[in-house]
Each structure stands twice: as C-alpha cells, then as structure tokens.
6 protein chains.
Amino acid sequence: MRPSGRNPDQLRDIRMTRHYTKHAEGAVLVEFGDTKVICTASVENKVPPFLKGQGQGWITAEYGMLPRSTGDRMGREASRGKQGGRTIEIQRLIGRSLRAAVDLTALGEHSVVIDCDVIQADGGTRTAAITGGCVALVDALNSLVAQGRLKQSPLKQMIGAISVGVHNGTPVLDLDYAEDSTAETDMNVIMTDKGGFIELQGTAEGEPFEQSELDAMLGLARKGIEELFEAQKSALKD
Amino acid sequence: MRPSGRNPDQLRDIRMTRHYTKHAEGAVLVEFGDTKVICTASVENKVPPFLKGQGQGWITAEYGMLPRSTGDRMGREASRGKQGGRTIEIQRLIGRSLRAAVDLTALGEHSVVIDCDVIQADGGTRTAAITGGCVALVDALNSLVAQGRLKQSPLKQMIGAISVGVHNGTPVLDLDYAEDSTAETDMNVIMTDKGGFIELQGTAEGEPFEQSELDAMLGLARKGIEELFEAQKSALKD
Amino acid sequence: MRPSGRNPDQLRDIRMTRHYTKHAEGAVLVEFGDTKVICTASVENKVPPFLKGQGQGWITAEYGMLPRSTGDRMGREASRGKQGGRTIEIQRLIGRSLRAAVDLTALGEHSVVIDCDVIQADGGTRTAAITGGCVALVDALNSLVAQGRLKQSPLKQMIGAISVGVHNGTPVLDLDYAEDSTAETDMNVIMTDKGGFIELQGTAEGEPFEQSELDAMLGLARKGIEELFEAQKSALKD
Amino acid sequence: MRPSGRNPDQLRDIRMTRHYTKHAEGAVLVEFGDTKVICTASVENKVPPFLKGQGQGWITAEYGMLPRSTGDRMGREASRGKQGGRTIEIQRLIGRSLRAAVDLTALGEHSVVIDCDVIQADGGTRTAAITGGCVALVDALNSLVAQGRLKQSPLKQMIGAISVGVHNGTPVLDLDYAEDSTAETDMNVIMTDKGGFIELQGTAEGEPFEQSELDAMLGLARKGIEELFEAQKSALKD
Amino acid sequence: MRPSGRNPDQLRDIRMTRHYTKHAEGAVLVEFGDTKVICTASVENKVPPFLKGQGQGWITAEYGMLPRSTGDRMGREASRGKQGGRTIEIQRLIGRSLRAAVDLTALGEHSVVIDCDVIQADGGTRTAAITGGCVALVDALNSLVAQGRLKQSPLKQMIGAISVGVHNGTPVLDLDYAEDSTAETDMNVIMTDKGGFIELQGTAEGEPFEQSELDAMLGLARKGIEELFEAQKSALKD
Amino acid sequence: MRPSGRNPDQLRDIRMTRHYTKHAEGAVLVEFGDTKVICTASVENKVPPFLKGQGQGWITAEYGMLPRSTGDRMGREASRGKQGGRTIEIQRLIGRSLRAAVDLTALGEHSVVIDCDVIQADGGTRTAAITGGCVALVDALNSLVAQGRLKQSPLKQMIGAISVGVHNGTPVLDLDYAEDSTAETDMNVIMTDKGGFIELQGTAEGEPFEQSELDAMLGLARKGIEELFEAQKSALKD
C-alpha cells in the first residue's frame, strides 16, 4: 500500500502549463502532484568558450530550490556562496539529458539555458524538471524558427524522465517524498520518445537491489514515461 | 501619458494569494501588475547569535530573482558564488521594514525569515516584496499562536511599500519597468498603517529633484499605500 | 541636550586636507569631528565593460573601514573573503552620489575610482566620504585638464552630504556615534550646490517618523550642507 | 577491435598496493592499467554534526586529480577556490558506495574519510577509486579492532566497481581513456560481493542505448567485478 | 649614489606617532620616509580555538594596503574576495616576528591583533609595520596592566625590522621604492634589542648573492635596527 | 644525538625518479628520506597576462599536500575553497627559486608550471620540491628543444634547496619532522650550482639565533646542497 493510495504503476497528476512567465522564450510550470517546478528556456546568441568557432550550439541547465520549497527551510545557496553537491549533480543531469533532445550542429552558434527552479518539493524534482524543461526547450527552439534565426527546429526527439524505486519491498513508479525518504532503492530513468535510454541512475539506499528488481523498475519506468510523452504532446498542442 | 495608460496616481492591479505553497507558515504570491513575487515566512525556533539569551526574537529577509524573471537572463547568484550589491541592498531594506511590524520582545526567542523570490519582474519588486511579505509574516505569527507557542500575535502594525517617481516631468505612482528605467527620480516609500514613515529612499537618476517634487511624490505614496493596506486586509480576511 | 553639547543645528568641526597622500590624483583627509576618512580619487584610462565604446566615462566608489577604526575591532573584510552588506550599501550610495557631480560624456572614456577608507569612525562616515570624496574628485578631474587629456573639467556641480535625525525627540544635524546609535530616526541627505536633492535615505530605527519630523530634518540638512559647500570651496582654494 | 588490443570482456592489469604511504590507517595505490589512484582511509574520532549523539558512525569520501594527472594540465581546484561539478559528483558516488560496505551502527561514533587522489589518469578513475578505496577502508576498520576501539570489524561486505560501455557498437569492459572519450554509452556499475547492485549510472553520450545493450553491459560488469573481488582478496592476504 | 642621495648606511627619516587614532589600545602611525603605515594593537579577551584552555595568549597580525597607497591603484582585496599571496606572506611574517616580543604564558588567555594598514607606500612597508607594530603592542600590553587584567607587562624584548639590499652593486640600508624595484638582492632582517635574529628573508631578484654580500648586508641591518630601537624608545617616552 | 641517528651534517637518503607519471613533460618523484613529493613540469604555449607581448617566458609553481600525507588528516584545500597561508608562502618560494634557473628571454613566450604535490610528509617538503622540481624543469625545457620549439635549452643553472636548523643546541642539516617540530631555529637555503644564494629564510621558532649559529647553518647548507647537485646530475644521466 503506497502512502498516497496510488497503485504501484500509477503516476501522480501531471500538469504542464506553458507561458507561465512572460519573458522567457520557453516557460513551463510543471507539476508532478505537489512537486512544482518553473522551467524556463532562455536563448542566448553565443556559445561557451570551449565551443567557440565550432559551428555548433549548446544546451545547459541550472537548478535551484526556493529556500522554503521544502518542509524545513534550507539555507539559500546564493547567500551561502556556493551551490551544494546535490544541486550540482542534478543540474548536470538535466543538462546532459536535454542535450540529447537537440541536434547541436543544426542549432548553430546559439545556447539554450534551462533554468529549473523548484517552488514546491514533494519528491521527483529532477525528473519533473527534465520532463517540463523539455517542453520549455521545444518552445525556445521554435522561437528561433519564428524569428527567422533557424530554418527549422533542431529538435531530434522528446525526452522524459521518471523516478522508480523499491518501497516496502514493492517496485513503484513516481515516488513522492514520503516514499522517496524511506525507499530501499531509488532510480531515475531518462528516455527518448523512441524508446532508448539516455540516462539511468539507480542507488541502493539500504539493501542492494537485484537484477529482478532492476527489471521490474525499468518496466514501470517505461510505462510511466510513455504517459509523460502523452502529457508533453498534449501541452504542446494547446 | 504613462506607457501603461494609467493615471499618475493609479496603482497597477494588486493581488495577494495566500497559501500559494504548502510548506511555509506564511506563503503569499504578490502581484503588482506583471511583477510577481513569492513571499514565504518561515518560523525558526532560534535567534541569530548576536541575540542569544536576550529574550527577544528576530525578523530577517532574503531576496532573489529567478534568472529569467527579467527580459534578459541574469546570471544565477548561487552559481556565481555571491549575491550582487543590489540584492543585498534590497534584502536589508525588506528586513528592516518588516521588523518594524513586530514587537520583537513579545515574539520571544523565535525568528521569522521572509524569503522573497521574484518569478516575474516588471518594476517595483522590492515594494511588492515588502507589501506581500507583511501578509506572509502575519500568517506566520498567527501560526505561532495556533500552535500554542505564543499567547497572542506580536504584530504591532501593518507595513506597506510603494514606489513613486518623476517620469517625463510628472510625479507618478507605482512605476512599472518601462517607467522605472527612464524615470528622472525614483523613490521607495515604506509606511505603517498608522501613517508614519518607516523608510524613505529617493534617488535622482538624472537631474536632482526639488522639494516640490518630493512633496508631490510623498502625497502619491500616501494615497497608494492606503490602497495597499486595503488589499492586505482583504487578503487576510479570505 | 546633545551628548556633545552642540546645538541641534550645529555641525561638528569640518576639516578637509587635500594632498594627504602623494600617489593619487586626488587625496583628501576629511574629518567631521572625530570621524576621519581618507578619500582618494584615482583616474583610470578605461571604462567598465558595459560602457566600452560608448564615448562616456564612469565614476565609481569603494568603501572600507580599518578593522580598528571602531570601538570594538571588526573582522577585516579582505580576510573574511567578502564585503559586508553595509559596506556594499554605502559604496553604492557614494558612487551614485558622486556620478551626479560629473558630465560623464564630457569625461570621455576615463574612469575615476573614489576610495573611501575610514581610519577613525564616530558616526556619519558615509556623509563625510561623499563630501570629502567630491573634493578629491575635483582634483582628479583637474589633473586630466592639467595633463592635456581633457580641455576642461567635466564637473557639473558640487555634491555635499549630511546626516540628520531625531534624537530624544529632537531633530538634530550631523549625528555622532553617541547619537546615531540611539536615534529614533536617521536620515542621510545628499544635495547639489544648486539646491536639488540627489539622494534621500531615511530610516526609522524605532518609532515611525512623521511628515513634520521629515520637514524639520530636511531643513536642518539644507542648512548643514550649505556650510559643507563653504568648507569644500575653502579647501579647494588653498 | 579495442585500441588496447584487449578482448571486449577483458579487464586491464589490476594492481593494489597496500601501505603505500605511512601515515594513514589504510593506504592503497590502486592501478587499473595506466590509471593510478592513491586511496587513503583516515579514522577520525568524531562524526559529522548531523549524526551527533545518534550512536552511529560515518563513511565519506573526497576525490581529486593532480593537475597534471591528465594529458593537458587542469587548473588546480584549490587555487581556483572550488571543486568542479565532476569532482563533486564523483566523490559523492564514492562515499555512497563505500557506506554500503559498513554497518554504521557497529562502527560507533567514528568516521572514516576515504581520500582518492588520482596521480595518473587513463579512464575509469572513479571505479578504481571505489575498488581500491574499499581495501583501504578494510585496513582502517581493522586498525580500530587492533587498537581495541572496536571488538570486531563492522565490515558487512566488499564493494567493487567497474565501467562498461558501448564502443564502436560493441559492449566492452573497463574502458580506458581512448575508449571512454569516444564511447556511445558509458556505465559505471557498483556491486557487492554478494551479487547485489549498489549503484548503476549509465549515460548515453551520443545515441540512446537499448535494453539489449544494457543487458550485455551488465553481464560484462558482473564478470569484471568478480575478478576485482579476487584481486581485493589477494591484496588483503599479503 | 642612491636615488635619494642617502649614504649606503643611512636610514630614511623615522617617525612613530602614538595615539594616532582613538579607539585602539595601541595606535601608531609609523613613517619610514614616505612609507606610512597605521599600526593598531587590539586586545581581545579570548584566544584562537587551537589554544583554548592552555593558559596562554596569542599575538597575530593582519596587513593591508589602501588601494591607492601605491603609484597605480591596486584592486581592493575585500572586493576581489581574497587576500593576495604577498599580503598573506607579509602578515604571517609580522605575526611571527611580534610573537617573539611577548611571553605568551604570562599574557594569559588574551589575544592581541596587530593591524597594519599602509596608507602610503614607498618601499619597506613590512619592516615599518613590524617596527611600528611593536610600539603599538607595548601600549596594548600596558593597557592590560593599567586595567588590572595583568600584574605586569608580558613584554620580553623589543623587535625591530629593516630591509637591506644590493643596489647597483652596493649594499645599502632601508631601500625605498626606487631602489627596491631595481635591487639585485633584497633582504628583510628582524632582530631583538638583545642582538639576536628573529627572522632573515633574503631573495636574489636577479643575480645570486655571495657570502660577502650577505655579511655586508647583515652589518648594515644591525646598525640600522639599533637606530630603530632608539626611535622606539624615544616614542615610548613621550 | 639526532632522532634519526644521523650525523649533524648528514642528509637523509635522496632519491629522484624521473618519468614517474606519463603525461607531463617533466615528472619526478623526489624523496628526502620519508618525505615524498611528485613534481611535474607542464609546458604551456602562453604566458600570464602581465607578460603578454614582451617576448619572454615564465616559470611558476603550485604546491599541495594530499590530505593524509601527514600524521593527522588535514582538510582538503579544494573543498575548503582556499589555499592556506603556508601553502601560498611555499608555492611562491618554489616559483621564485626555479625562475632563477632559467633565462626567461631565451624561453620565449612559453610558460612552465611546476606542480609539487606531497604524497608523504616528514619535514623538508619545500626543499625537496625545489630540488626535485628543478629536475622536472630540466626535462620540460629539453622537451621544447626535442620538439623543435626552441633551438637550445634556456637553462642557466641548477637550483638546490635544503633546510638547516638548530636542534637541541646543535646546528643540523636536513631536518626531518621530529627535528623540525622541536627545532629552535629553522632555515631554508636555496643556492645555485655556481655557489650563490638565491633565497635564505631563517626563522627563530623559540630563542633568537646568533651570528655564529647562522654561520654554522650556512656551512652545513652549502655542504648538503653540493650533494644534492650530485644527486640531480646522477638522476639526469639515467
């Protein structure tokens, strides 16, 4: 029995609200149940120094949590003067995952920065950020076409991400905070809408996990991500 | 003629949405037109080192802007490793202003941290933050009473803040970004609901301003802040 | 009765010693009673990145206190690795105020950096810094003319600054530390020698202040700043 | 054909030299071919603040590369003033993995810090660090028994780690730098000597990877890690 | 011929002005010709963590230069966020040297912090700082006696410091900037008033120096430092 | 009697192993008894900004200690976010000393960075680093000739460094940790193979030292450094 009463293979309510703020080329509020993340995609007319003059673009991501997005207030990273290890790990994961969505050569010498700011946290913020960030990215790429800066969108494929885990001995999909904080195993799965894996990160929090549990979790993840691709499509139609 | 078509003494639409996020003791989304700030008030069971053992509490504030809350993306302060001078100036102003709302001795050895995070900026973020932060603070103080940690709320008075300025030679109320970026003079006025001044900060951006302009601006501010007190009251009734 | 025995509208002894150190283009020791600040103005043959190629110059300021300029030793900002919030607030104020003295376009692509280092503090360091810094600035601008780098000084007007406040219920001029640390209200007023306001920063430390108190403080400030302009003129004649 | 001429399922030469330096309780030079990492395990008589008084111990890790352990010199993290994102990611992974080796309650209020410093890099530094670090950890735990501070070693199980990947379309074991820098997929697998997974981190560098490739990589990893457990055992016998 | 016209064994004019500022327990303006350093000695009622409970005191030093104490303006260390390597080297030297003046056990659990701030630099700032700092230290130690916190001053001996060098092939005493910047060898000598060496730091800037040059420089230093002890005595008599 | 049983004028066993790691142009493991330092010399095709376009090269050094190179684990400087004062002092000394080995004009616009990383510390790490770093530097300079980037090596002279001190009243050569931590005086002497001094740094840790002790220490140092030059020559022959 899950704390939320969901079935083991059931996602939380998924909502993606485009144009949530007005300045960014892409701006999506993504909600996985009570987890709420603002994902903006900002186009910049330049590339990082290591790519200068190579005729290709870049996608990168930054992640942050509002100090009171969580049950207890966390210190503000800007005032402590550095980003924590968890933040850095997550933003690197988001950046790697979303780069897989884009043909960087077709993007030309533009960058897109995906900012993922958690305004309310209830587990799964990094998977929500990747899934919602991909929608913001699509809008930002389309804005380059609309402005005549690119002939067509360099989007190669959609990217979706979900967490799975083993909780009380049962493999479950899309863990909320109550599950995440007590799960034996926690795995984040990032896939393309063509069915390939982009990234797998599984961690045994307590006991090691077995091949059979891995297989069960991957099966749940595949099912959940397919539903996320439907939700992305539906949001992009509006 | 103002860019927005407003009269010189006209505020933008003011909205304050309480309980905007679920974890904080006070959580208000405040909107002054297109300026949107999430203000959370977090109660902590301790005071800063310089107040230990003195039998009084503390109110402090932190301020941040999401990187793409603005027209061009700003660098994220957490990843640059320090808060900018403007940020520090603003959060000190918010903290000083909201401390005036509370009887710190009656608060006992508790702290309330007001986090003001701008999710969309269109001028006047600091005045919105103070005005909305005061409502979040009221909710946080009431939570201390509801939990039996205080007998009654240590709230002394409400605090409201508004910007006024001289734009194209005309004194105007509640400048939006289009006005703010070209105004000759910009002044932030913070008052109590009993009519006294808490803080005045006026800056001549181009030409110096005269006593008569100061008087006109203060008149506008007084009118605007009265409307803000009405909006706070109405929000707190819901 | 003021702790120093001064009348409410009486400045402390004001002294400005030019050429206090030998390397800087302008170098003034300014004393407001026991408050002593070394103000140097350094000409640099470049402008900040955001002004490159725009055919105008820049004035900026930095502020610091020697660790034992105060009653208790303060930690050295350089060894703590960052400037405190108060320092940043003050140096931004000095910079804004002194930029108003100069026609930046006539300055051409030069910068002048005003360094204000407090060697002894007794209240009013920021107003002393602005008033003395303006004299150092004049010397630096004249050095550009003397060296043939400018045809004439781009000085538009002199800038003076003074603090006023309400102490024991009485509006007073030029607060020393004994008054400043117990004043109900503290306001810094920065004006041009043509009588306009450049900046007003008033803060109620305890009780809010009323319009009548504001008017009384502004009257005192106007009188005091006129005396400061006389002192600047006299120093520049030597 | 692999650049090194190895078979797809062939490890590089594995060497683990205990007592490599004299001060640490555990000190192992681990070599996976040309990749060389000094792993020291230091016992400390305290736990981090978040664990104080909870009757359990802690295992943590730090990772660094000598600036010229690599083909091009990298900037020294200590002089740049912060650890890079890759460093932080890796040291968190090492710490999580090695905590799984130990019964933290049986460890009592002691910490063991595993320092992994790469003196020569040729791919697979993090897996070498975990595998060699586990041997250093065993020595450090035994030193606690030898000193009479613990009755018996709190070691639960050995941990081994290896990288696998898809290179030129072929799944391969233990990638060296030549392979790692051009692989389509790179996965780090961390397992216990009882056959369970502790951590899985797979990343598609170019094309997504399929379930069949994942299965093949996991098979290679399982074979390689078994050989690593033999190498650990053999080193610990000496 | 020296640029200043001095004889090879001639000091610059040495001046030490006590009570230069009013807050510190010791406050000396020391001048070696045009080199001017404010040295304050601040008594603190505590010791650094590594000395807690050991029944002894501590002497430490910090060093800084006002940004425009030099011919070209240097960046302010506080705003760059760290002290430069030269600063750190110098303040460690001052601290080590002045600790030799005091019986730390007799000092009890007090610290004295010597702040040396250069307001005008013309070579030899570190030797001026040590020589003047020692006088400030004496005053601070005496203040502990005057306040009844110590029965007698824990001063063991006076410390003096001077630079010597080889300039244009000639050994010279007390180099000013014109000499220092072109000297072949530069050596700082710190001695006690009983004739022993506390610290020697000699550096060949261009050609190596020979034993005979070393001997000549040490002879000059000894002569110069004796004059400095006279100057210290005379200052302390006033 | 020395703790190690050595004669007062006896060095520890000196070993220099070239090509210790494979990537750097020069890579030497230097051992002075149990003190072990990896010195790599990295050629870079550029010079620091302050030397751009001046037709000369640069030699610089960085120094670090592995956290557990010492008896107690030291915090890792990279994770604390800054290099300690001792580290900075030492790396500046190494850089100054090794610059004296090279004709910087003949080096052309190349830099050589000497990284000295202590893997095991037992006193004398800075003198080992200079002595071994000089051998790595020779290899790096020769690599420039071998690659045809320079016609001949810009090496002017070899540099050697040794510590001497007064321990239990006796002047001794090459102090190990047991001596260093209890010596009355500690002096580092850096010389050229032509017999001149490059740098002298003597510090009285407890009692001041006298001229006669200085002379005795310099005699020991001269003898020891001659043996180091033999060891360097022998290493370079292999």
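The values are calculated or read from the model by the stated rules, or taken from the named source; none is laboratory data. As the structure is a computational prediction, the values presented were derived from the model and not from experiment. Note: ideal-geometry Cβ built from the backbone for every residue, glycine included; neighbour counts use all protein chains shown. Calculation scope for accessible area: heavy atoms of the full protein, side chains included, ligands and nucleic acids excluded. Shrake-Rupley method; radii C 1.70, N 1.55, O 1.52, S 1.80 Å.
A few notes on this one:
- Annotation: of all residues in region B:10-29 being in a strand (DSSP E or B) and within 14 Å of chain A (Cβ to nearest Cβ), the one that is surrounded by the fewest Cβ atoms within 10 Å (Cβ to Cβ) is B:THR17.
- Check on A:GLU226, on the phi < 0 side of the Ramachandran plot, at pLDDT below 95 and open to solvent by 70 Å² or more (accessible area, probe 1.4 Å): no
- Test result for F:THR127, more than 23 Å from D:TYR63 (Cβ to Cβ) and either touching a Phe, Trp or Tyr at 6+ places or on another chain (Cβ under 9 Å) or among the aliphatic types (A, V, I, L, M) (or both): yes
- From the list C:GLU44, C:GLU62, C:GLU77, C:GLU89, the lone residue that is farther than 24 Å from E:ILE88 by Cα and at the interface with chain E (Cβ under 8 Å from one of its Cβ atoms) is C:GLU44.
- Tallying residues that are within 30 Å of B:VAL112 (Cα to Cα) and part of a loop (DSSP other than H, G, I, E, B) within region A:75-106 yields 6.
- Scanning region D:77-92 for residues that are touching a Phe, Trp or Tyr at 6+ places or on another chain (Cβ under 9 Å) and of a type in the set (A, V, I, L, M) yields D:ILE88, D:ILE90.
- Looking only at region B:41-58, and only at residues there that are within 16 Å of A:ARG76 (Cβ to Cβ) and not charged (D, E, K, R), the one that is most open to solvent (accessible area, probe 1.4 Å): B:PRO48
- Which numbered condition B:ASP117 fails, given (1) buried (at least 23 other Cβ atoms within 10 Å of the Cβ); (2) over 22 Å from A:ARG80 (Cβ atoms); (3) of a type in the set (D, E, K, R): (2)
- Top-ranked residue in region A:145-200 [being basic (Lys, Arg) and within 28 Å of D:GLU184 (Cα to Cα); ranked as most open to solvent (accessible area, probe 1.4 Å)]: A:LYS194
- Residue check for D:LEU137: part of a helix (DSSP H, G or I), open to solvent by less than 10 Å² (accessible area, probe 1.4 Å) and over 23 Å from D:ASP34 (Cβ atoms): yes
- Leading residue by the ranking (surrounded by the fewest Cβ atoms within 10 Å (Cβ to Cβ)) among those in region C:120-133 that are in contact with a helix residue (DSSP H, G or I) (Cβ under 6 Å, 6 or more places away or on another chain) and away from chain E (no Cβ under 14 Å): C:ARG126
- Here is the figure for region C:203-219: residues that are touching an Asp or Glu at 6+ places or on another chain (Cβ under 8 Å) and surrounded by fewer than 23 Cβ atoms within 10 Å (Cβ to Cβ) total 4.
- Test: residue in region B:58-67 that is over 28 Å from C:GLU207 (Cβ atoms) and outside any loop (DSSP other than H, G, I, E, B): yes
- Every condition in (1) within 21 Å of F:GLU44 (Cβ to Cβ); (2) facing chain D (nearest Cβ under 9 Å); (3) of a type outside the set (Phe, Trp, Tyr) is met by F:GLY71 except one, and the failing one is (1).
- With respect to the conditions (1) within 14 Å of chain E (Cβ to nearest Cβ); (2) more than 21 Å from the chain's Cα centre (by Cα), C:ASN7 falls short on a single one, namely (1).
- Test: F:LYS36 is in contact with a Leu (Cβ under 8 Å, 6 or more places away or on another chain) and within 12 Å of another protein chain (Cβ to nearest Cβ): yes
- Residue that is nearest to F:LEU104 (Cα to Cα) [pool: residues in region F:143-163 that are of a type in the set (Gly, Ala, Ser) and touching a helix residue (DSSP H, G or I) at 6+ places or on another chain (Cβ under 6 Å)]: F:SER153
- Taken over region B:77-110, the criterion of being farther than 24 Å from B:GLY160 by Cα and polar (S, T, N, Q) is satisfied by B:SER79, B:GLN83.
- Odd one out for B:THR105, checked against (1) within 25 Å of B:ASP13 (Cα to Cα); (2) more than 10 Å from every other protein chain (Cβ to nearest Cβ): (1)
- Among the candidates F:GLN201, F:GLN157, residue that is assigned to a loop (DSSP other than H, G, I, E, B), closer than 21 Å to F:ALA100 by Cβ and within 16 Å of the chain's Cα centre (by Cα): F:GLN157
- Residue, most open to solvent (accessible area, probe 1.4 Å), within region A:59-90, restricted to residues that are over 26 Å from B:GLY26 (Cβ atoms) and without any contact (Cβ under 8 Å) to a residue 40 or more places away in the chain: A:LYS82
- Residue match in region D:97-110 (condition: free of Cβ contacts under 8 Å to residues at least 40 places away in the same chain and crowded, with 19+ Cβ neighbours inside 10 Å): no
- Of the residues making up region D:140-152, those that are in a helix (DSSP H, G or I) and in contact (Cβ under 8 Å) with a residue 12 or more places away in the chain number 4.
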